[in-house]
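First up is the structure itself, then whatever we jot down about it.
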Amino acid sequence: MGLRIKKDDKVFITTGKEKGKSGRVLSFSSAKDRVLIEKINVVKRHMKPTRKYTQGGIIEKEASVHVSNVMLVCPKCNKPTRIRSMFLQDDRKVRMCKKCKEVIDE
């Protein structure tokens, strides 16, 4: 699963309360198979004052979404697509869009 979605990829939400929205991946946890997406699945947390949050109080932040609920948006055809992995001539493993057959990362 680690090869399919990476940091800074644009993804499309397929299920859940945020269905139909898209955003940029902030982080990916391969141990839990979850992704953190910018401005998607925003929750409120009650935080004590810390160095990071000096004020404390109720803070809104993104919660993670399971990787099975997102699809990568191809940068070439700009559509949500499945990912196919393949090896190039120089034995590098790359991701490929199944719709437009273009290599996603060079």
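Go through the range 50-87 and report how many residues are of a type outside the set (A, V, I, L, M, F, W, C) and outside any loop (DSSP other than H, G, I, E, B).
Looking only at the range 50-87, we keep the residues that are of a type outside the set (A, V, I, L, M, F, W, C), and these are 50-57, 60-62, 64, 66, 68-69, 75-76, 78-82, 84-85.
Pick out the ones that are also outside any loop (DSSP other than H, G, I, E, B) and you get 57, 60-62, 66, 68-69, 80-81, 84-85.
Adding up the residues that qualify gives 11.
Please go through the range 39-74 and pick out each residue that is closer than 30 Å to Glu102 by Cβ and in contact with a His (Cβ under 9 Å, 6 or more places away or on another chain). Outline the logic, then answer.
Filtering the range 39-74 for residues closer than 30 Å to Glu102 by Cβ gives 39-41, 62, 64-74.
If the condition is that a residue be closer than 30 Å to Glu102 by Cβ and in contact with a His (Cβ under 9 Å, 6 or more places away or on another chain), then no residue fits.
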Output the qualifying pairs, or none if there are none: Cβ atoms under 7 angstrom, residues six or more apart or on different chains, first residue in the range 70-95 and small (Gly, Ala, Ser), second residue loosely packed, with under 13 Cβ neighbours inside 10 Å and outside any loop (DSSP other than H, G, I, E, B).
Ser85/Lys93
Please give the number of the condition Asp90 fails out of (1) part of a strand (DSSP E or B); (2) loosely packed, with under 13 Cβ neighbours inside 10 Å.
(1)
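Any residue at all in the range 22-43 that is in a loop (DSSP other than H, G, I, E, B), out of contact with any Cys (no Cβ under 8 Å at 6 or more places or on another chain), β-branched (Val, Ile, Thr) and without any contact (Cβ under 8 Å) to a residue 40 or more places away in the chain?
Let us first name the residues in the range 22-43 that are in a loop (DSSP other than H, G, I, E, B), namely 30-33, 38-41.
Then keep just the ones that are out of contact with any Cys (no Cβ under 8 Å at 6 or more places or on another chain); that gives 30-33, 38-41.
So of that shortlist, the ones also β-branched (Val, Ile, Thr) come out as 40.
After this cut, where a residue has to be without any contact (Cβ under 8 Å) to a residue 40 or more places away in the chain as well, the list is 40.
Yes - at least one qualifying residue is present in the range 22-43.
No lab work stands behind these numbers, since they all come straight from the coordinates. In this text the structure is predicted, and so the values were computed from the model without any measurement. In this analysis, Cβ positions are derived from the backbone assuming ideal geometry, glycine residues included, and neighbour counts consider all displayed protein chains.
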